Every structure is written in structure tokens, then in C-alpha cells.
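First up is the structure itself, then whatever we jot down about it.
No lab work stands behind these numbers, since they all come straight from the coordinates. Computed from a predicted model, the values in this text were never measured in an experiment. Neighbour counts are summed over all protein chains in view; Cβ atoms, including those assigned to glycine, are modelled from backbone coordinates with ideal geometry.
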Amino acid sequence: MTTSTVHSSSSFEHSGIVRVQRAAVFLQATAADLTGSQRLPLGAGIRAGLGMLAAMTRRAAVTVRAGHRDWVQSRKQAAEDERTWNAALKDARVMADLSRAMHDQGR
């Protein structure tokens, strides 16, 4: 019977904890840049980081809402264009009106 040895290169540190520690260092450095202080208590760094995160979240929410509003408007416009086109296919007068409008728009 043979035994084999497993060599693992994995770390004994949890990757999530490592990311949190790096984030805390980054937040402290950012807060120090903003305040001119070299060392802030961890709580102040976290508060500064949470403030920055909240600001970024608000900006992202505004962008998402604006994007959604624009998308809804474009879908409404596309539906209206489709209804107008279908009406034009059935009525030569509507098609003539569309043709004139498109011709006049090019001038």
C-alpha cells in the first residue's frame, strides 16, 4: 500500500479577511490624504470609507434610475413608431405623410 502526500500551496488566511484588511488600509490611507493626518483610528477610517461608499452608491442609483427611465421612454417610442408604421402600411395617406416628413427632415 502506498501513500501519497498532497502539497497544497493554499494559504491559511481567509481571502475575505485579507480583502477586508486591505480595504481598511486603503480607507485609512484615503482618509489620511483627505484630512492630512498620518494615522486615524480604525473607526474613523471605516466611517470615511462608508461615507465614500454611500456617495458612490447614491451616484450609481441615480445613474441606474436615469438609464431605466431612458430605456422605458425608448420602448414607448418604439411601440408608438411600430403603431404608426402599421397604420401607414394600411393607409396610403399616412404613408404619404410619413414620406413627406422624412423627406423634409433631410433638408
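Arrange M95, M102 by Cβ neighbour counts within 10 Å, fewest through most, would you?
Ordered from fewest to most neighbouring Cβ atoms within 10 Å, M95, M102 come out as M102, M95.
Compute the signed sum of charges (Lys and Arg +1, Asp and Glu -1) over the other residues within less than 15 Å, Cβ to Cβ, of V62.
That works out to +3.
If r is the Cβ-Cβ distance from R100 to R75 and R0 is 35 Å, what FRET efficiency results, to the nearest 0.05?
For R100 and R75, the calculated efficiency is 0.80.
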